[in-house]
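The values are calculated or read from the model by the stated rules, or taken from the named source; none is laboratory data. Note that the coordinates shown come from a computational prediction; the quantities given were computed from them, not determined experimentally. Ideal geometry is used to build each Cβ from the backbone, glycine not excepted, and the neighbour counts take in all protein chains shown.
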């Protein structure tokens with residue numbers, strides 16, 4: 001049978017043991033930190049080598065950028081987290097995406113009065129390209145999405161909404177829940193939606209449909225057309241350019257090219 | 001160029017537009033890709049429009065942009081069929097055309113064109129007779145010698161590029177393996193730190209955080225990608241305080257974080273800040289006793305304020321302005337006072353929260369009135 005340890009002596013011994021254990025712990029962590037520091041230096045020089053060989057190629061090849069980002073994500077590394085990170089400093093990843101962020105913000109701000117802060121990825125892409133000018137490097141839609149994901153950290157409502165086959169980019173802190181998103185999807189086909197459309201496709205009651213549409217109106221994302229035949233049409237300016245590219249006659253092609 | 005034929009530019013039945021891009025050279029035009037054809041329309045003279053069927057395409061490749069050169073797509077074509085309708089050129093010695101993208105868009109266009117080439121939708125959806133020329137390569141067809149030579153050269157070049165890329169990928173994979181080791185190590189260290197709960201020195205924690213920052217590894221304990229606390233962010237916070245003083249004063253003492261992000265990065269030109277860098281630096285402003293602070297409104301909007309700026313005092317003047325006009329929306333208020341709509345809305349919301357204003361929420365928008373329930377009872 002195990003004799004219980006009692007008395008001051010036992011307590012003191014226990015304390016000593018604990019202290020020694022903690023000391024050991026500290027030493028272990030210190031050793032690991034030192035190890036990490038060394039590995040970090042080695043990694044840095046590996047990255048430098050990689051950059052000197054492949055940096056040019058990387059930035060010409062958008063598929064490579066996608067692969068690169070995916071690989072980083074798989075291992076739990078975010079190359080765009082900080083401008084001070086190795087990736088940014090040595091591969092120049094950061095500047096490319098952070099500048100793109102600025103351009104995206106500027107385009108969204110410029111068009112906000114028109115579309116309420118909601119724009120298709122396609123239109124955003126065209127506008128950003130135009131803003132960048134002829135001598136800047138080309139960017140893909142994937143690049144835009146990654147830049148936007150980073151912008152979310154700034155707290156002002158950047159969001160990406162998949163709607164049917166396209167993406168809508170939200171740049172204002174308007175609250176859009178599932179109901180709103182579903183109605184946006186419905187509107188994608190024709191650029192507008194009516195209460196009857198919603199009731200027919202989604203099987204909602206009138207009140208629910210009306211609430212969603214009113215919310216979109218209030219947020220400036222939808223325009224009310226009371227002159228449409230039969231019933232009020234709720235148009236979504238964000239989808240207008242998307243509409244133009246769907247049907248094209250010689251006439252409309254001329255109009256659509258701004 | 002002899003593969004083109006004049007067309008009215010109207011889509012035939014069953015054709016749908018896939019993508020369009022401006023700025024293509026045969027002197028400034030727009031290129032449209034449909035499921036059946038590649039159409040080029042002159043930007044100045046809309047009547048001038050030409051096209052050829054996608055089935056005529058043998059192979060496409062990209063040419064990256066260079067200094068003074070725009071990005072291009074080179075499209076290699078079969079010889080023109082004998083029954084082809086009239087086009088801009090009667091004959092041509094080249095069996096390829098180059099599309100020069102003066103206003104970018106080359107990446108997306110190439111992707112879509114490749115997709116169409118793989119899907120070959122024109123085979124499933126026949127259009128009117130005038131377009132049914134080539135039906136694609138048939139086995140045993142005699143090809144003109146020129147094309148074979150070109151194809152071989154292109155194949156070699158493509159293999160070369162592929163080799164470079166695959167070498168890059170190989171090197172990248174090796175790099176990633178090492179990076180993964182770092183991630184594992186950092187997890188183990190983080191666990192030790194968590195267990196010991198304060199036995200690790202502050203200095204060591206800071207060191208650890210800066211390692212995580214360099215690698216872009218999320219802090220395993222707090223899940224933030226290296227929250228505040230590194231020397232870099234401290235430095236950055238001080239820099240920001242210096243840079244933003246004047247712009248803030250010019251804008252009434254308050255700016256949204258998005259505005260700050262654009263302002264700072266535009267000024268820097270290179271070595272830009274990531275959004276997270278900015279937020280993390282701003283979180284430290286108050287602790288470092290700098291003359292600015294970060295503030296987060298209920299709506300989630302983040303702003304930088306001068307310490308001397310008292311938003312609550314601004315609310316009093318906002319109440320005056322609204323009372324003068326009877327009622328105001330955020331847009332109207334913003335215009336009167338000369339601030340951004342976003343911040344105007346926040347100020348009005350704060351005034352409402354403090355009980356000075358009340359709202360009228362309708363489909364016509366959100367309108368604020370002085371709160372007469374409070375003042376006249």
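Here are a few things to note about the model shown:
- Annotation: of all residues in the stretch A:76-97 being within 16 Å of the chain's Cα centre (by Cα) and more than 7 Å from chain B (Cβ to nearest Cβ), the one that is surrounded by the fewest Cβ atoms within 10 Å (Cβ to Cβ) is A:96.
- Any hit, the stretch B:315-326, residues being touching a strand residue (DSSP E or B) at 6+ places or on another chain (Cβ under 6 Å) and surrounded by 13 or more Cβ atoms within 10 Å (Cβ to Cβ): yes
- Filtering the stretch B:250-277 to residues that are more than 7 Å from chain A (Cβ to nearest Cβ) and either free of Cβ contacts under 8 Å to residues at least 12 places away in the same chain or part of a helix (DSSP H, G or I) (or both) leaves B:250, B:259, B:260, B:263, B:264, B:267, B:268, B:269.
- Residue within the stretch A:125-148 that is within 21 Å of residue A:220 (Cβ to Cβ), more than 11 Å from chain B (Cβ to nearest Cβ) and crowded, with 19+ Cβ neighbours inside 10 Å present: yes
- Residues satisfying the stated conditions in the stretch B:96-120, i.e. in a strand (DSSP E or B) and more than 10 Å from chain A (Cβ to nearest Cβ): B:96, B:97, B:98, B:99, B:100
- Checked against the criterion of being more than 27 Å from residue B:152 (Cβ to Cβ), assigned to a loop (DSSP other than H, G, I, E, B) and either modelled with pLDDT of 65 or more or within 11 Å of another protein chain (Cβ to nearest Cβ) (or both), the stretch B:59-67 has at least one qualifying residue.
- Residues of the stretch B:288-328 that turn out to be over 27 Å from residue B:372 (Cα atoms) and either more than 14 Å from chain A (Cβ to nearest Cβ) or assigned to a strand (DSSP E or B) (or both), as a count: 17
- Criterion: more than 22 Å from residue A:45 (Cα to Cα) and either surrounded by 14 or more Cβ atoms within 10 Å (Cβ to Cβ) or modelled with pLDDT of 75 or more (or both) - qualifying residue of B:160, B:202: B:160
- Qualifying residue in the stretch B:272-287 (condition: surrounded by fewer than 21 Cβ atoms within 10 Å (Cβ to Cβ), under 26 Å from residue A:150 (Cα atoms) and out of contact with any helix residue (DSSP H, G or I) (no Cβ under 9 Å at 6 or more places or on another chain)): yes
- Qualifying strands (runs of 3 or more DSSP E) (wholly inside the stretch A:144-234; at least 1 residues being out of contact with any helix residue (DSSP H, G or I) (no Cβ under 6 Å at 6 or more places or on another chain) and within 30 Å of residue B:296 (Cβ to Cβ)): A:159-163, A:166-170
- The residues of the stretch A:103-124 that are over 17 Å from residue A:157 (Cβ atoms) and either part of a loop (DSSP other than H, G, I, E, B) or facing chain B (nearest Cβ under 10 Å) (or both), listed by number, are A:103, A:122.
- Lone unmet requirement of (1) modelled with pLDDT of 85 or more; (2) surrounded by 12 or more Cβ atoms within 10 Å (Cβ to Cβ) for residue A:73: (2)
- Against the list (1) within 9 Å of chain B (Cβ to nearest Cβ); (2) assigned to a helix (DSSP H, G or I); (3) under 18 Å from the mean Cα position of the chain (by Cα); (4) farther than 30 Å from residue A:41 by Cβ, the condition residue A:100 fails is (1).
- Some residue of the stretch B:331-338 being within 14 Å of chain A (Cβ to nearest Cβ), surrounded by 15 or more Cβ atoms within 10 Å (Cβ to Cβ), in contact (Cβ under 8 Å) with a residue 12 or more places away in the chain and within 17 Å of residue B:259 (Cβ to Cβ): no
- The single residue among B:19, B:39 that is within 11 Å of chain A (Cβ to nearest Cβ), surrounded by fewer than 20 Cβ atoms within 10 Å (Cβ to Cβ) and either touching a helix residue (DSSP H, G or I) at 6+ places or on another chain (Cβ under 6 Å) or at pLDDT 70 or above (or both) turns out to be B:19.
- Residue in the stretch B:348-371 that is surrounded by the most Cβ atoms within 10 Å (Cβ to Cβ), counting only those that are touching a strand residue (DSSP E or B) at 6+ places or on another chain (Cβ under 8 Å) and at pLDDT below 85: B:365
- Residue identified as surrounded by fewer than 18 Cβ atoms within 10 Å (Cβ to Cβ), under 19 Å from residue A:137 (Cα atoms), more than 9 Å from chain B (Cβ to nearest Cβ) and out of contact with any strand residue (DSSP E or B) (no Cβ under 8 Å at 6 or more places or on another chain) among A:60, A:55: A:55
- All conditions in (1) touching a residue at least 12 places away in the same chain (Cβ under 8 Å); (2) loosely packed, with under 14 Cβ neighbours inside 10 Å hold for residue A:203, with the sole exception of (1).
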